[in-house]
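The values are calculated or read from the model by the stated rules, or taken from the named source; none is laboratory data. It should be emphasised that the depicted structure is a prediction, and the values quoted were computed from it without experimental measurement. Every residue, glycine among them, receives a Cβ derived from its backbone with ideal geometry; neighbour counts consider all protein chains shown. The area values use the complete protein model at the heavy-atom level, side chains included, leaving out ligands, DNA and RNA. Shrake-Rupley method; radii C 1.70, N 1.55, O 1.52, S 1.80 Å.
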Amino acid sequence: MNTISDVRNLFPILNQKVNGKPLIYFDNAATSQKPKQVIEAIENYYSQYNSNIHRGAHYLANLATEAYEHSRQVIAQYLNAETQEINFVRGTTEGINLVAQTYGKANVKAGDEIIVSAMEHHSNIVPWQMLCEEKGATLKVVPIFDSGDLDMEAYEKLLSAKTKIVAVTYISNALGTVNPVQEIIAKAHEVGAVVLVDAAQAVQHKKIDVKALDVDFLAFSGHKVFGPTGIGILYGKRELLEAMPPYMGGGEMIDNVTFEKTTFNKIPYKFEAGTPHIEGGIVLGKAIEFVQEIGLDFIAEKEAELLHYGTQKLSAIDGLRFVGTAQEKCSVISFLVKDIHPYDIGTLLDKQGIAIRTGHHCCQPLMKRLQIEGTCRASFAFYNTAEEIDVFAKALEKSIAMLS
Ligand code: PLP
């Protein structure tokens, strides 16, 4: 396998026309498309073994429970974690909120500090801001250079005994910057802080080994890694998860309930109250197996080629400037053209069958730092091609001519 047409045939959605033109999907950082294996796994679940899990003593309940728990093992192995360190959540956003509302509430007090970076997605800012407000703690922000690289010297200066949590994205969805998370984690540990890595833009591109990184918490969303929406993972170190209070109360997360007192289930079930997204959990495991079959090396190689080619191609366009030129980038190209509003470019490209993202990309503070309102963002996956980039560049030039 692994010729580009073999790869593209795995994704039925790619084979269609939009506005009379072959679809070119360059909005992969927002959500990835789904391969046949994933789509079939969803159908198989509902047509063959749909059942509630962990509770029933019947055949279907056992099948569904086994599949759900097998998926947890697949994901644990993928991240080099222990199985009970893998918590199913709705996505990155819920994973971060869970940590803020449990670990954060239990460990952050007035006068403490939480550090985020200037390039964070709102979901890695707002939960910490809410916690800081509640506790009287302070949110500190690591600045970035104009290139979109993190200012690591400034980061080190911000760290102190007051720092309780450092929450940082592995890869910026708006700029494509790949942050030096290993170093960020090591430095935070020197002052006794724990680190949460937002891996929403990382798991689909990079091998992640939570033990080698020594990361305390790591969150990602299934839909960005070729799996379903509404499911994601929060990894946490076992000793931290065990010491944390529960998040939501309800079925499944309990050990024993009386009106006087409730005792809680062991991890990871302590953090999985209620009937979970069973199909999502099972199919996320299938999506991860799919990534393993394709191979992260193959994915990284293809995406690096697309990033290089796309950057070269767009640099030839008059009046275009890149937003985000960090030393290490993943396959995201953010740009602006003259003083044309990104939305206008996005709309004209859509008319030509090309899907890109425009706007602030849920990073308003980053846009403020860069003194812009938003960008056009083309984000590539391994199933995109250089030919698509050629068509995109031509369509972009045509759109610019119409808007100038
Ligand atoms: N963090 C980053 C870097 C993201 O790109 C996103 C989604 O775009 C999120 C967090 C939030 O992910 P979700 O909406 O799937 O919870």
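Could you tell me whether N15 is polar (S, T, N, Q), at positive phi and modelled with pLDDT of 95 or more?
Working: polar (S, T, N, Q): yes; at positive phi: no; modelled with pLDDT of 95 or more: yes.
No.
Among the residues of region 354-382, what is the count of those that are assigned to a loop (DSSP other than H, G, I, E, B) and either within 12 Å of the ligand (Cβ to nearest atom) or open to solvent by less than 10 Å² (accessible area, probe 1.4 Å) (or both)? Give the steps one after another, and end with the answer.
So in region 354-382, the residues assigned to a loop (DSSP other than H, G, I, E, B) come out as 356, 360-363, 371-374, 380-382.
Right, trim to either within 12 Å of the ligand (Cβ to nearest atom) or open to solvent by less than 10 Å² (accessible area, probe 1.4 Å) (or both) and you get 360-363, 374, 380-382.
The number of residues fulfilling the criteria is 8.
Yes/no matrix, rows are residues, columns are (1) at pLDDT 95 or above; (2) surrounded by 22 or more Cβ atoms within 10 Å (Cβ to Cβ); (3) of a type in the set (G, A, S):
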{"site": "E260", "(1), (2), (3)": "yes, no, no"}
{"site": "G274", "(1), (2), (3)": "yes, no, yes"}
{"site": "G285", "(1), (2), (3)": "yes, yes, yes"}
{"site": "A316", "(1), (2), (3)": "yes, no, yes"}
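Mind listing whichever residues of region 149-197 are within 16 Å of the ligand (Cβ to nearest atom) and on the phi > 0 side of the Ramachandran plot?
Passing the criteria: only G176.
Tell me the residue from V108, V99, V141 that is away from the ligand (no atom under 14 Å from the Cβ), open to solvent by less than 10 Å² (accessible area, probe 1.4 Å), touching a residue at least 12 places away in the same chain (Cβ under 8 Å) and closer than 21 Å to G192 by Cα, please. Spell out how you get there, then give the answer.
Details: V99 fails: away from the ligand (no atom under 14 Å from the Cβ); V141 fails: open to solvent by less than 10 Å² (accessible area, probe 1.4 Å).
Step by step, each of V108, V99, V141 is checked, and only V108 is away from the ligand (no atom under 14 Å from the Cβ), open to solvent by less than 10 Å² (accessible area, probe 1.4 Å), touching a residue at least 12 places away in the same chain (Cβ under 8 Å) and closer than 21 Å to G192 by Cα.
Out of (1) of a type in the set (D, E, K, R); (2) under 30 Å from P12 (Cα atoms); (3) surrounded by fewer than 21 Cβ atoms within 10 Å (Cβ to Cβ), what's the single condition that is false for R238?
Going through the list (1) of a type in the set (D, E, K, R); (2) under 30 Å from P12 (Cα atoms); (3) surrounded by fewer than 21 Cβ atoms within 10 Å (Cβ to Cβ), R238 breaks only (2).
Among the residues of region 50-69, is there at least one that is modelled with pLDDT of 95 or more and within 16 Å of the ligand (Cβ to nearest atom)?
Within region 50-69, none of the residues are modelled with pLDDT of 95 or more and within 16 Å of the ligand (Cβ to nearest atom).
Just one of (1) away from the ligand (no atom under 16 Å from the Cβ); (2) free of Cβ contacts under 8 Å to residues at least 24 places away in the same chain; (3) under 30 Å from Y155 (Cα atoms) trips up I115, so point out which.
So I115 meets the others, but not (2).
Scan the strands (runs of 3 or more DSSP E) fully inside region 240-330 and keep the ones with 3 or more residues being free of Cβ contacts under 8 Å to residues at least 40 places away in the same chain and hydroxyl-bearing (S, T, Y).
Working: elements: 254-257, 262-264, 320-322.
Passing ranges: none, list empty.
Say we look at region 107-133 and pick out the residues that are of a type in the set (A, V, I, L, M, F, W, C) and farther than 16 Å from T163 by Cα; which of these is farthest from the chain's Cα centre (by Cα)? Steps first, answer last, please.
Applying the first criterion (of a type in the set (A, V, I, L, M, F, W, C)) to region 107-133 yields 108, 110, 114-116, 118-119, 125-126, 128, 130-132.
Next, only the ones that are farther than 16 Å from T163 by Cα stay: 118-119, 126, 130.
Working: A118: 17, M119: 14, V126: 16, M130: 21 Å.
Per the criteria, the residue is M130.
List, please: which pairs have Cβ atoms under 6 Å, are six or more places apart or on different chains, and start with a residue in region 167-178 that is within 22 Å of H189 (Cα to Cα) and in contact (Cβ under 8 Å) with a residue 12 or more places away in the chain and end with one that is more than 8 Å from the ligand (Cβ to nearest atom) and assigned to a strand (DSSP E or B)?
Once the first residue is within 22 Å of H189 (Cα to Cα) and in contact (Cβ under 8 Å) with a residue 12 or more places away in the chain and sits in region 167-178, its partners that are more than 8 Å from the ligand (Cβ to nearest atom) and assigned to a strand (DSSP E or B) give A167/V116; A167/L196; V168/S117; Y170/V197; I171/V178.
Does I39 qualify as being away from the ligand (no atom under 16 Å from the Cβ), under 21 Å from the mean Cα position of the chain (by Cα) and either surrounded by 15 or more Cβ atoms within 10 Å (Cβ to Cβ) or without any contact (Cβ under 8 Å) to a residue 12 or more places away in the chain (or both)? Explain how you work it out, then say what you get.
On the way: away from the ligand (no atom under 16 Å from the Cβ): yes; under 21 Å from the mean Cα position of the chain (by Cα): yes; either surrounded by 15 or more Cβ atoms within 10 Å (Cβ to Cβ) or without any contact (Cβ under 8 Å) to a residue 12 or more places away in the chain (or both): yes.
Yes; evaluated as a whole, the condition is true for this residue.
Can you name every residue in region 114-138 that is open to solvent by 10 Å² or more (accessible area, probe 1.4 Å), more than 11 Å from C362 (Cβ to Cβ) and not in a helix (DSSP H, G or I)?
Within region 114-138, A118, G136, A137, T138 meet the criteria.
Picking from I389, I340, I400, which residue would you name as being farther than 18 Å from N28 by Cα, touching a Gly at 6+ places or on another chain (Cβ under 9 Å), in contact (Cβ under 8 Å) with a residue 40 or more places away in the chain and in a helix (DSSP H, G or I)? Write out each step before concluding.
Details: I389 fails: farther than 18 Å from N28 by Cα; I340 fails: in a helix (DSSP H, G or I).
Among I389, I340, I400, only I400 is farther than 18 Å from N28 by Cα, touching a Gly at 6+ places or on another chain (Cβ under 9 Å), in contact (Cβ under 8 Å) with a residue 40 or more places away in the chain and in a helix (DSSP H, G or I).
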